[in-house]
Amino acid sequence: MVGYIPPGNINLTVVQITITRGIRQALYFIGAFSAIEILFTFGVMRFVQWLSSEIQLGNIIDVLMVFMFGILGVITWRSRKEMPKADYSKKDSIKYGMLLGVVNPMQIPYWLFVGTYLISHEWIDIGYLSLTIFSIGSGIGAALALYGFARFAKYIQEKFTLSSYIVNKSIALLFFALSAYHIIKLIYIHCFK
């Protein structure tokens, strides 16, 4: 749950879906995304020791984040003036949730860090049953955090009657800011450190 509290591509997408498509579509998205989160958590936690020793992902993840936030920013910026379609099928939100669940580059470094910490302190066993229960808890935590964002977005929309134009523009600017952050981080690491 803690991993989805700071603004990122997933919780901002939930906010955008809630405001443009409605809470029901956001719930479909959250369900699909959380199911993928369970699988990713299990896989990464199972192989966390091997991954942390064999793969140096820091710079690769930062470069991927620059591109991902940049692309999401451009897509959101370009669609800021479009009125949302009146009817979305639940399949659209489910497919989108699964896609972002698979293409979420922050999951691997997050679970590498958290997983290494939890396993090294012996707070979790790396047996199949323990990891299955832990992964299900991770998916439920992600779903609860994202549901909180969806309810908050619905509340804000009702209280301030925000248009989808303003929301899309704000989210696009935040995506661009997150992309710029990763660019500055890469420049600092490679040029000044």
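The values are calculated or read from the model by the stated rules, or taken from the named source; none is laboratory data. Nothing here was measured: the structure is a model prediction, and the numbers come from that model. Ideal geometry is used to build each Cβ from the backbone, glycine not excepted, and the neighbour counts take in all protein chains shown. Accessible surface is based on the protein model in full, side chains and every heavy atom, while ligands, DNA and RNA are left aside. Shrake-Rupley method; radii C 1.70, N 1.55, O 1.52, S 1.80 Å.
For the stretch 2-12, the condition of being among the aromatic types (F, W, Y), open to solvent by less than 10 Å² (accessible area, probe 1.4 Å) and either assigned to a helix (DSSP H, G or I) or touching a Ser or Thr at 6+ places or on another chain (Cβ under 7 Å) (or both) holds for none of the residues.
G8 meets each of the listed conditions (1) over 22 Å from S170 (Cα atoms); (2) of a type in the set (G, A, S); (3) touching a residue at least 40 places away in the same chain (Cβ under 8 Å) apart from (1).
Conditions tested, residue by residue: (1) of a type in the set (D, E); (2) modelled with pLDDT of 80 or more; (3) surrounded by fewer than 15 Cβ atoms within 10 Å (Cβ to Cβ); (4) more than 24 Å from H182 (Cα to Cα).
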{"position": "M83", "(1), (2), (3), (4)": "no, no, yes, yes"}
{"position": "I94", "(1), (2), (3), (4)": "no, yes, no, yes"}
{"position": "V103", "(1), (2), (3), (4)": "no, no, yes, no"}
{"position": "M106", "(1), (2), (3), (4)": "no, no, no, no"}
{"position": "V114", "(1), (2), (3), (4)": "no, no, no, no"}
{"position": "L129", "(1), (2), (3), (4)": "no, yes, yes, yes"}
{"position": "I140", "(1), (2), (3), (4)": "no, yes, yes, yes"}
{"position": "L144", "(1), (2), (3), (4)": "no, yes, yes, yes"}
{"position": "F152", "(1), (2), (3), (4)": "no, yes, yes, yes"}
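Within the stretch 35-49, being buried (at least 23 other Cβ atoms within 10 Å of the Cβ) and of a type outside the set (D, E) holds for T41, M45, V48.
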